[in-house]
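Have a look at the structure below, then the notes.
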Amino acid sequence: MGRTKQFNQQAVLEDAMHLFWARGFHSTSMQDLVDHLGVNRQSIYDTFGGKRELFAAALERYRELQALPMMRALEADGPVSDALRDLFQDMISDLLEDNGKGCLLVNSATELAGQDDAVFSTCSANSRQLEATLSGLLARAQQSGEIPADRAVIPLARFLMSTFNGLAVTAKATRDPEVLNDVVEVALSALDL
């Protein structure tokens, strides 16, 4: 009779997510995972399939814990300018935490999306969903008169997505809140907010 697993898969997945987030995929070895997670190598292979599969699952878990709640917050009632300003400020705070480890989705897209179909798929799905959420938010801003009705919401949503991604990279490079706040102010003014 085989031994039963002696660890909580969800907790191990989240611990792996944090390790990959701090170090990246290539800088995290299987031995690093074994040491950090406290799970033997064979159990990792048996449960998750290997380092690449564990990373893909950790990236998807990050999306569930970080990205999707952010998108849901943008769907709440209230002035769009306030929602975007709050989102940007929360984002800056998060990006500067933990020695500026940034956003795992952006980190992964820049490190692996061109080399790994699973990473590309997760990052792409997140981008499509964020674009749809931002387009809806901006359409609401047009209806309330916060932004001009003649502005095309999809290009504006894509501009905001690029701003979010740029903030994540800039935060890693500078760790300077003043720089990040300047980017936010210019982005909001470009939207007439």
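For first residues located in the stretch 107-122 and farther than 17 Å from Asn165 by Cα, partners that are assigned to a loop (DSSP other than H, G, I, E, B) and of a type outside the set (A, V, I, L, M) and lie 6+ apart or on another chain with Cβ distances below 7 Å do not occur.
Of the residues that make up the stretch 69-81, is at least one at pLDDT 95 or above and of a type in the set (Asp, Glu)? No, the stretch 69-81 contains no residue that is at pLDDT 95 or above and of a type in the set (Asp, Glu).
Taking the criterion of being at pLDDT below 95 and either of a type in the set (D, E, K, R) or under 30 Å from Gln142 (Cβ atoms) (or both), the residues of the stretch 172-187 that qualify are Lys172, Arg175, Asp176. For Gly166, indicate whether it is closer than 15 Å to Leu87 by Cβ, free of Cβ contacts under 8 Å to residues at least 60 places away in the same chain and surrounded by fewer than 18 Cβ atoms within 10 Å (Cβ to Cβ). Yes. Taking the stated definitions as given, is Arg85 over 29 Å from Ala58 (Cβ atoms), in contact (Cβ under 8 Å) with a residue 12 or more places away in the chain and charged (D, E, K, R)? So Arg85 fits the description; yes. Residue-level analysis places Ala56 among those that are touching a residue at least 12 places away in the same chain (Cβ under 8 Å), touching a helix residue (DSSP H, G or I) at 6+ places or on another chain (Cβ under 7 Å) and more than 16 Å from Ala22 (Cβ to Cβ).
The values are calculated or read from the model by the stated rules, or taken from the named source; none is laboratory data. Since the structure is predicted, the reported quantities are computational estimates derived from the model, not experimental observations. Ideal geometry is used to build each Cβ from the backbone, glycine not excepted, and the neighbour counts take in all protein chains shown.
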